[in-house]
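Peer 1: First the structure, which I've put down as structure tokens, then a few questions once you've had a look.
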Amino acid sequence: MVGSTTAVLRVKFIGGAHVDVIVDEPDVSEDELVEHAIAALSHDDGVLRARHGDRLVVVFARGVAALEVAPRGAVL
């Protein structure tokens, strides 16, 4: 597999706010990328590097309440 895989994640915070971020990694499938994000945020000291627009965002696991993956294809 060659290239970069991208996934859009909605990060919901403990305080109720949410933000949509983009994560990407080279040479992995989308499922592996999502599993990496889940693993990174499953520990209190975990962090996830992502993008929001053209800004780098670092999400710290301690404030995350939920993580949603953007649907693939049409939503019916």
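Peer 1: Scan segment 43-55 and tell me whether some residue there is surrounded by fewer than 12 Cβ atoms within 10 Å (Cβ to Cβ) and touching a Gly at 6+ places or on another chain (Cβ under 8 Å).
Peer 2: Among the residues of segment 43-55, not one is surrounded by fewer than 12 Cβ atoms within 10 Å (Cβ to Cβ) and touching a Gly at 6+ places or on another chain (Cβ under 8 Å), which makes the answer no.
Peer 1: If you don't mind, there's one more thing I want to ask. From the list 23, 19, 59, exactly one residue is under 13 Å from residue 5 (Cα atoms) and surrounded by 11 or more Cβ atoms within 10 Å (Cβ to Cβ). Which is it?
Peer 2: 23
Peer 1: Follow-up. Looking at segment 39-72 only, could you name the residues that are within 13 Å of residue 12 (Cα to Cα), without any contact (Cβ under 8 Å) to a residue 60 or more places away in the chain and under 12 Å from the mean Cα position of the chain (by Cα)?
Peer 2: 41, 59, 60, 61, 64, 66, 67, 68
Peer 1: Give me a count of the residues in segment 17-38 that are in a loop (DSSP other than H, G, I, E, B) and in contact (Cβ under 8 Å) with a residue 12 or more places away in the chain.
Peer 2: Count: 3.
Every number in this text was worked out from the coordinates using simple rules, so none of it is lab data. Everything numeric in this text was worked out from a predicted model, so none of it was measured. Positions of Cβ are backbone-derived with ideal geometry, glycine not excepted, and every protein chain shown enters the neighbour counts.
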